[in-house]
Every structure is written in C-alpha cells, then in structure tokens.
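Visitor: Before I ask anything, let me first share the structure, which is written out below as structure tokens.
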Amino acid sequence: MNATNFEHKHSAHCESGVMSSMLRHHGLNLSEPMVFGLASALTFAYLPFIKMGGMPLVAYRSMPKSIIKNIQKNLNVTMKLETFSSKEKGEARLDELLSQGKIVGAQSSVYWLPYFPEEMRFHFNAHNLLVIGQDGDNYKISDPVFEFTQVCDKASLSKARFVKGVMAPKGLLYYPTFVPTEVDLKPIVVTSVKKVAKSMLNTPVPIAGLKGIKYLAKSIRKLGSKDKRYAKLFLGHIVRMQEEIGTGGAGFRYLYASFLQESSLLFDGDEILGEASRMLLKVGDEFREFALMIAKAIKSKNEIDFEAIAKKLDSIADEEKEVYVKLLEFRAKN
Amino acid sequence: MDINSVPQDDSSTYANNKKAIYARDEDGSVKVVGSSGWSVEETVTKQALRDLEERAALAYAEVKRGLKSPLYHHMYSIRMDLQVLADSTGFFKWTISKDFKPEVFAKISEKRLAVYAEAMGKTSEELKVLEEKNHERD
C-alpha cells in the first residue's frame, strides 16, 4: 500500500527534510529551511574526545532527533516515537503503520542502505528517511537527500534500522498523531533566532558555538607536529563532516540563511533578518573556500601551511559572529 | 552562493545522484539547486575511502600470510574498524582482538560467530574464509 498524494522533495539535510515533508503531508506547509530554523538546528561543536572512525566528532548542526523534538515542542505538533526490542517487532510495526496508509519516519545507518552511492556508504547511524509505501518485500522510500524516491528491500532496511553502536537507531519509527493546520510562526521565529544567536555567541563550554570553531582552528595549528598522514586525514575529515550528505556545515549556513530570508518576508521584509541572511550566505561561501584550501593541501606534495588554514577558520568564526550580533538587534514589529 | 556557482562536477562519489544546495537566484531569493558533485568534496571522500582500502589491503596480506584470521580482513572490507565492530557486536575490543588470531578463530563457537555474521551482514561460512580479491579497487 502506498500513501496517497505524497510529494517527495529534495532537501539539504535528512532530518529537516523528513520533518518538512511529513508536516506538509499532514496539512502544515513548512519549507525545509523553516523547519530547520524553527528547530534552532544551527550550531557548531567540536568534540575531540568522541571519535568516529578514529577521528574527532565535528558537528555543524544539533544532535540527531533534536529537530523532531524541537518541532514538536515549538509548533504543538504531537509526534509518536517508537523503538523496538527486536527486529521482528520493528518490521511488523512498520508494515502495520504502512497498511494504515501512514507515512513513517525512520532512523537508519547509511552503510546498509543499498540505494546510497557505493562511495558514500560509511558507518553513520543517524540518517533519517521516510517510508511511504510497500510493495511485497520492497519499501518505497522518500529519502530527502535524494532527488527522487528510492526503493529498498526489506532485509536491507531492517539491517539499517537495527545496527548497534554509536547513535544506534533501535529501529526508531516516528509519525505525527496531531498536526495543527494553522500556526502563528512569528513568535516562534523570534525565540528560535535569539536562541541560536545566543548559544553560538555565549556557550559556556569552549567546544561549542563560535568558541568551538576557534578551538578547532587551534587544533589545526598543532597538526604541524603530528604525523603527516594523520594531519591530512584529519583535515579531510573536517571537510567531509562539512560537505558530505547529511552533515554539511557550509550547506547548513546556506539553509539557515534561507530560513532568515523567509522569516524576513514574514515580518514584511524586515531589514535586519534580510541583512543577516545575506551575511550568512557569505559565511557559507567562506566555509567552502576553507574546504577548497584543505583539498589543495591534501593533494599537494609540498609542506602544508597549517597556519594559513587555521587563520582562515578563525576569520570565518569572526565573520559568523557578526551575523549573530546582527540577529540580536532583531525586534518583532507588529 | 549564486545559483550559477553551484558546482556541477559530476563526482563519481555521487553515482549520478544530485545533492540539494541552497543558493541565491538572480532576484536574490534563496532556493534549492541540485548539484552533480564538487571536486573538493570528492577529494576528501576518496581520501577517506583510500585510507579504508589501504587498511583492508594490509589486512588481506596479513591473513594471506597466516598472521591474522579472515575476520580481520572482513572487518576492514566492510569499512569497519575495531571500535565499530565492538560497537556493532557488543563484544569487548580485547576479545575481538583475540579472534584475529588464526588459532583462536579456528575454534570459535558457532554462537559467537553468528553474532559477528549478523553485525557484519555475512554468513558464518563467509566469515571463515578469505575472499579472493584484487585490492586495486575494493
């Protein structure tokens, strides 16, 4: 059975994409950037003590599931989240929900999804997708980071839903049980924008927000004394966390800039939000230049200028700071 | 970024898929554009893949020479490392390391082997042998 009238949309990020599509399907039409913004999902964290594939965690957005939870809280949506003690129960429940004509969000590993490009299949367990229908042993999938809908066989999807380890999905399925059709977005925009600006500017810990970006720059400066192979892998890792499907730092700056632009229109073309949006687009461009510097350094046979790379990142942090300072000037006019 | 600057580098890592990028059109409004790839991203993705392949190739040679059990190569060939395998099986790292010894692995219980098989998406029989493979491109 397939959910009727479902519209697949191509998104920059899996969780905001799933939530946007899910809400739209239930009558609340919010763009992906709106969902991302209203969930205050923009952040930065550098966690050198948490290793993934031997490399420290660099995150350009909030923790997995935080978009689902924040949207639920901020928009008065009621979501049902279910995890399972066994694969069999998890499979049966998915089939049951689909037979009711529901579209169902699921958390999965990337590695075990056969429709992912072979060269993109890494062991990352916090991917999100929508199951929108079933045809025998195949599921129809709306994976928001893909341009078109995909098909995935039952065994593979189960494997991907029930991997163990860091951020294990435990078969997580989610769907709304109540979605309001009318929401006054303005007050939510005001509070969520302030929340992002404040947390990026004033985190109490040196590993998050703008301080986290500076801390990462400091670690890059220290790479000169490290093994060269490791140094290159670490630099490449920073860019992968920034650019690869579902994690993209520069991409998230663009996504949030789009949210700020949409919000500006909501407030009759508010100039502060409009200006902050343009500034953040520029920051996104700077992140891409930073990525380009690293790609060149990795390919080059010459000594790597770690200082230049670190300096670039420092200047991005300074530029991004101006965006949040600007956002704190924002006052809702009525 | 302007819509016209969104890279369209046909990266092999995208395998003919497109990634959604938010970029600014002529009127200054930000919207989704599909990108067929970016050489910068391709460089770092392939760097990570190459690192995994090199580890798998080294493991292959060690198994071939009888220094390690086939399990050791299987781990790398599915892009895992000791940490990920430990997370995926629930086994302690030091007990997995013991199973990398050919003489220990030869006597592994069917039950323990089945846990590896489930976590690694292979059959117990497949795990016992070293696949014949060319490590040029894995």
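Throughout, read-outs are computed from the coordinates displayed, never taken from laboratory work. Given the structure is predicted, the values throughout are model-derived calculations rather than measurements. Quick reminder, even Gly has a Cβ in these numbers, built from the backbone with ideal geometry, and neighbours come from all protein chains shown.
Visitor: Express as a percent, rounded to the nearest 5, the fraction of DSSP beta bridges in chain B (both residues included) that run antiparallel. Write out the running numbers ahead of the final one.
Guide: On the way: 6 of 8 bridges.
For chain B, the DSSP antiparallel bridge percentage is about 75.
Visitor: Kindly flag which residue pairs out of A:Lys9/B:Lys46; A:Lys218/A:Lys311; A:Lys222/A:Lys301; A:Lys228/A:Lys301; A:Lys73/A:Lys186; A:Lys65/A:Lys170 have an alpha-carbon separation exceeding 18 Å in this structure. It would help to have the intermediate numbers written out before the result.
Guide: Numbers: A:Lys9/B:Lys46 28 Å; A:Lys218/A:Lys311 9 Å; A:Lys222/A:Lys301 20 Å; A:Lys228/A:Lys301 11 Å; A:Lys73/A:Lys186 15 Å; A:Lys65/A:Lys170 13 Å.
Over 18 Å Cα-Cα: A:Lys9/B:Lys46; A:Lys222/A:Lys301.
Visitor: Within region A:107-206, report the chymotrypsin sites (Phe, Trp or Tyr not before Pro) that DSSP leaves as loop and that have at most 13 other Cβ atoms within 10 Å. Could you put the intermediate results ahead of the total?
Guide: Values: sites: A:Tyr111, A:Trp112, A:Tyr115, A:Phe122, A:Phe124, A:Tyr139, A:Phe146, A:Phe148, A:Phe162, A:Tyr174, A:Phe178; in loops: A:Tyr111, A:Trp112, A:Tyr115, A:Phe122, A:Phe124, A:Phe146, A:Phe148, A:Phe162.
Filter output for region A:107-206: A:Phe148.
Visitor: Local charge sum around A:Ser315 (other residues, Cβ-Cβ under 13 Å, Lys/Arg +1, Asp/Glu -1)?
Guide: On the way: positive: A:Lys214, A:Lys282, A:Lys311, A:Lys312, A:Lys321; negative: A:Asp285, A:Glu286, A:Glu289, A:Glu307, A:Asp314, A:Asp318, A:Glu319, A:Glu320, A:Glu322.
That works out to -4.
Visitor: On average, how many beta carbons from a partner chain sit within 10 Å of the beta carbon of a residue in A:285-295? Please list the in-between numbers first.
Guide: Working: counts 3, 0, 0, 6, 1, 1, 5, 4, 1, 3, 8.
Going residue by residue through A:285-295 and averaging, the value is 3.
Visitor: From the Cα gyration tensor of the protein assembly as shown, with a ≥ b ≥ c the square roots of its eigenvalues, which class applies: rounded if a/c is under 1.5, or else prolate if a/b is larger than b/c, or else oblate?
Guide: On the way: a/c = 2.02, a/b = 1.28, b/c = 1.58.
Because a/c hits 1.5 or more and a/b fails to exceed b/c, the protein assembly as shown counts as oblate.
Visitor: Moving on to the next point. Taking the mean number of other Cβ atoms within 10 Å as a proxy for protection, how do you rank A:35-43, B:21-29 from highest to lowest?
Guide: Numbers: A:35-43: 26.2, B:21-29: 16.1.
Sorting A:35-43, B:21-29 by mean packing, highest first, produces A:35-43, B:21-29.
Visitor: Hey, another quick one. Using helices alone, what [θ] at 222 nm do you get for chain B, with -39,500 (n - 2.57) per DSSP H run of 4 or more residues, divided over all residues and rounded to the nearest 500?
Guide: Details: 7 runs with 69 residues, N = 138.
Taken over chain B, the calculation gives -14500 deg cm²/dmol.
Visitor: Under a 5 Å amide H to amide H cut-off, with H placed in plane at 1.01 Å, what residues pair with A:Met79 once short-range neighbours are removed?
Guide: Here A:Thr177 satisfy the definition.
Visitor: Same structure, new question: Among the lysines, select those whose C-alpha is under 20 Å from the C-alpha of B:Lys107, and discard any that sit fewer than 8 residues away in the same chain.
Guide: Filter leaves B:Lys64, B:Lys68, B:Lys93, B:Lys98, B:Lys122, B:Lys128.
Visitor: Here is a follow-up. For region A:125-164 and region B:29-68, what is the centre-to-centre distance using only Cα atoms, to the nearest Å?
Guide: 23 Å
Visitor: Is the C-alpha gyration tensor of region A:127-169 telling us rounded, prolate or oblate? Criteria: a/c under 1.5 is rounded; beyond that, a/b larger than b/c is prolate, otherwise oblate. Write out the running numbers ahead of the final one.
Guide: Numbers: a/c = 2.88, a/b = 1.35, b/c = 2.14.
Oblate is the answer for region A:127-169, as a/c is 1.5 or above yet b/c matches or exceeds a/b.
Visitor: In addition: With a ≥ b ≥ c the root eigenvalues of the C-alpha gyration tensor of region B:48-128, is it rounded (a/c under 1.5), prolate (a/b larger than b/c) or oblate?
Guide: Values: a/c = 1.63, a/b = 1.23, b/c = 1.33.
Oblate, since a/c reaches 1.5 and b/c is not below a/b.
Visitor: Net charge near A:Phe252, counting Lys/Arg +1 and Asp/Glu -1 over other residues with Cβ under 15 Å of its Cβ? Present the calculation step by step, with values, prior to reporting the outcome.
Guide: Values: positive: A:Arg61, A:Arg240, A:Arg253, A:Lys282, A:Arg288, B:Lys19; negative: A:Glu15, A:Glu32, A:Glu243, A:Glu244, A:Asp285, A:Glu286, A:Glu320, B:Glu41.
Around A:Phe252, the surrounding residues sum to -2.
Visitor: Now, a different point. Just counting partner chain Cβ atoms within 10 Å, what average do the residues of peptide A:93-104 show around their Cβ? Display every interim value, and only then the final one.
Guide: Working: counts 0, 0, 0, 0, 0, 0, 0, 0, 0, 0, 0, 0.
Mean number of neighbouring Cβ atoms from other chains: 0.
Visitor: Go ahead and estimate [θ] at 222 nm for chain A from helices alone: -39,500 (n - 2.57) per DSSP H run with n ≥ 4, summed, over the residue count, rounded to 500. It would help to have the intermediate numbers written out before the result.
Guide: Working: 11 runs with 166 residues, N = 334.
Result for chain A, helices only: -16500 deg cm²/dmol.
Visitor: In terms of modelled amide H atoms, which long-range or inter-chain residues lie less than 5 Å from the amide H of A:Asn2?
Guide: For A:Asn2, the qualifying residues are A:Gln134.
Visitor: Can you tell me the dipole magnitude for chain A around its Cα centre, using point charges on the Cβ only (Lys, Arg +1; Asp, Glu -1), in Debye to the nearest 20? Walk me through the numbers before you get to the answer.
Guide: Details: 46 positive and 37 negative charges, 271 e Å.
Result for chain A is approximately 1300 debye, rounded to the nearest 20.
Visitor: Just to verify a number: FRET efficiency for A:Glu88 and B:Arg65, C-beta to C-beta distance, R0 = 45 Å, to 0.05? Present the calculation step by step, with values, prior to reporting the outcome.
Guide: Details: r = 42 Å, r/R0 = 0.93.
Efficiency for this residue pair is about 0.60.
Visitor: Within region A:298-334, list the GluC sites (Glu not before Pro) lying in a DSSP loop whose Cβ has at most 16 other Cβ atoms in a 10 Å radius.
Guide: Details: sites: A:Glu303, A:Glu307, A:Glu319, A:Glu320, A:Glu322, A:Glu329; in loops: A:Glu303, A:Glu329.
Of the GluC sites (Glu not before Pro), the ones in loops of region A:298-334 whose Cβ has at most 16 other Cβ atoms within 10 Å are A:Glu303, A:Glu329.
Visitor: If we sort B:86-94, B:71-79 on the protection proxy, mean other Cβ atoms within 10 Å, highest first, what's the order?
Guide: Ranked from most to least packed, the peptides come out as B:71-79, B:86-94.
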